[in-house]
């Protein structure tokens, strides 16, 4: 069955008897693109569609699309009938290297992003790099933010590879794309395997995301793509890291330069700090109401759960404007 992005397919897979060819019954449901679809209203509509389609506990939800579709379909699979199988078929670079892997699912509230969700691991993740040829350049570029993140948090050689091959990646080199997708998925799988429910080390995957989620909310979902907001958030986190964790300035400059070379924004000077700070205040990674950042000690090694003073957060934001 060929579907076009963005779709969710709720597919009932029934096996009449062992060793016989399965009989597939499918029901496809189109979902509007954009973060606004990650809502309680859209989820409720999909629950009703699942009932009408006769989805049962031997069924699977297939997510065919980008990160929004994967998150929404994942939470649908995690919660309908208290859980059915999930298959992720990501169609964007960002989804291939990040959101489709690891089992995080969720929807947004008006108060903030991904505040409601569940951990629900997919039974299969299928990545086909040929679909990346259909992406608008901006979407492909946005996906590079998460790849850069993996280099900063866990893999200095990957970071160096990106520095040397960013032009080939941006022009769609199949070999380069396969390499960065495989490396990124491997890193994320290893981190998630060690800490599936984010009780500890998995938090390093949030490098740059504390500010990024605030940017998306304050700017209005869609003004910045997720990867673009993450790019700005990583530059901010790198600057905090110089102040708080002794990251050398040369490394912080390399991080910013690579993000800029990838074609991602490195700042959002039009956004008001007071509004951003309020949005950070409801981040799901907060502890005791206070924000906790992932900060870098060097390229390839970060630490999580780092408190930062109000004064430092504000000064670093304005220093980058």
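The values are calculated or read from the model by the stated rules, or taken from the named source; none is laboratory data. Just so you know, these numbers come straight off a predicted model, no measurement behind them. Note that each Cβ is placed from the backbone with ideal geometry, even for glycine, and that neighbours are counted across all protein chains shown.
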Exercise for the section: Would you point out the residue of the stretch 261-292, among those that are touching a helix residue (DSSP H, G or I) at 6+ places or on another chain (Cβ under 6 Å) and farther than 21 Å from residue 219 by Cα, that is surrounded by the fewest Cβ atoms within 10 Å (Cβ to Cβ)? Expected result: 261
Problem - Wholly enclosed strands (runs of 3 or more DSSP E) of the stretch 83-148 bearing at least 3 residues under 15 Å from the mean Cα position of the chain (by Cα) and at pLDDT below 95 - result: 112-119
Handout entry: Boolean, residue 196 is farther than 17 Å from residue 303 by Cα and in contact with a strand residue (DSSP E or B) (Cβ under 8 Å, 6 or more places away or on another chain)
Key = yes
Practice task
Test residue 244 against the criterion of being over 23 Å from residue 303 (Cβ atoms) and either in contact with a helix residue (DSSP H, G or I) (Cβ under 9 Å, 6 or more places away or on another chain) or surrounded by 20 or more Cβ atoms within 10 Å (Cβ to Cβ) (or both), and give yes or no.
Solution key: no
Problem - Among the candidates 305, 208, residue that is exposed (fewer than 14 other Cβ atoms within 10 Å of the Cβ), touching a helix residue (DSSP H, G or I) at 6+ places or on another chain (Cβ under 8 Å) and either under 30 Å from residue 172 (Cα atoms) or assigned by TED's automatic domain parsing to the domain that holds residue 154 (or both) - result: 305
Practice task
Could you check, for the stretch 285-293, whether at least one of its residues is out of contact with any strand residue (DSSP E or B) (no Cβ under 8 Å at 6 or more places or on another chain), closer than 29 Å to residue 32 by Cα and assigned to a loop (DSSP other than H, G, I, E, B)?
Solution key: yes
Practice task
Please specify each residue of the stretch 170-190 satisfying the condition of being assigned to a helix (DSSP H, G or I), without any contact (Cβ under 8 Å) to a residue 60 or more places away in the chain and surrounded by 14 or more Cβ atoms within 10 Å (Cβ to Cβ).
Solution key: 176, 179, 183, 186, 187
Handout entry: Filter pass, residue 225 being more than 19 Å from residue 35 (Cα to Cα) and either crowded, with 22+ Cβ neighbours inside 10 Å or touching a residue at least 40 places away in the same chain (Cβ under 8 Å) (or both)
Key = no
